[in-house]
1. Report the label-to-label distance for residue 19 and residue 119 in nanometres (one decimal), using points 7 Å from each Cα along the Cα→Cβ vector.
2. Ranking 61, 137 by Cβ neighbours within 10 Å, fewest first, what do you get?
3. On alpha-carbon atoms, Rg over Rh for region 87-178 using Kirkwood Rh?
4. Go through (i) 4.15; (ii) 1.12; (iii) 1.04 and flag the label whose value is the computed Cα Rg over 2.2 N^0.38 Å for this structure.
5. Given the -39500 (n - 2.57) contribution per DSSP H run of 4+ residues, what per-residue ellipticity at 222 nm results for the chain, rounded to the nearest 500 deg cm²/dmol?
6. What does the C-alpha gyration tensor say about the overall shape of region 4-79? Classify as rounded when a/c is under 1.5, otherwise prolate if a/b is larger than b/c, or oblate.
7. Which whole-number percent is the relative contact order of region 87-178 (Cα, under 8 Å, 6+ apart)?
8. Over region 4-79, what relative contact order in percent results from Cα pairs under 8 Å that are six or more residues apart?
């Protein structure tokens with residue numbers, strides 16, 4: 001079983017504090033939580049995180065690290081069975097992908113990496129981390145890290161291909177894809 005605290009520490013090494021870059025599609029971010037993301041959460045979720053007014057840039061500026069961790073836990077960690085990934089290193093990397101690109105795209109990268117290791121495609125790349133995906137992760141072990149990094153980098157390159165405005169971010173994204181911390 002994997003541990004949320006270790007996974008979120010891994011994520012937060014990549015997601016720094018307050019960043020306001022006009023080219024970022026997520027708009028202003030704090031601890032990796034973007035204005036665009038928060039604006040899409042229902043008000044009942046926002047209230048759970050101590051956000052009671054309309055989401056604005058000021059909301060992001062004032063977002064505490066504890067609030068960000070709670071959001072990551074409730075909106076990501078419990079939305080897919082990350083805790084059931086048997087290897088913490090795998091969990092950290094997959095959880096980081098899910099936060100950075102979304103849960104379904106991250107799980108698709110994992111499933112495709114498993115194809116490469118197992119040399120068969122009987123695992124469907126549906127973006128759902130079900131029993132078959134969890135079993136494949138376990139079977140593949142550390143052999144899945146290189147193809148998983150490659151799938152992640154390919155996802156980022158596809159973003160750039162479809163939106164050249166994101167060019168300034170590609171080196172950071174690729175560093176994140178290929179890191180081995």
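Read-outs: derived from the displayed coordinates by stated rules, not from any lab. Note that the structure is a prediction, hence the values are computed from the model and not measured. Quick reminder, even Gly has a Cβ in these numbers, built from the backbone with ideal geometry, and neighbours come from all protein chains shown.
1. 3.9
2. On the way: 61 12, 137 25.
Exposure proxy ranking, most exposed first: 61, 137.
3. Working: Rg = 12.9 Å, Rh = 13.2 Å.
Here the Rg-to-Rh quotient is 0.97.
4. (iii)
5. Details: 10 runs with 106 residues, N = 181.
Rounded to the nearest 500, the figure is -17500 deg cm²/dmol.
6. Values: a/c = 1.74, a/b = 1.08, b/c = 1.61.
Because a/c hits 1.5 or more and a/b fails to exceed b/c, region 4-79 counts as oblate.
7. On the way: 83 pairs, mean separation 23.0, N = 92.
Taking the mean separation of contacting Cα pairs over the length of region 87-178, I get 25 percent.
8. Numbers: 68 pairs, mean separation 19.6, N = 76.
RCO, region 4-79: 26 percent.
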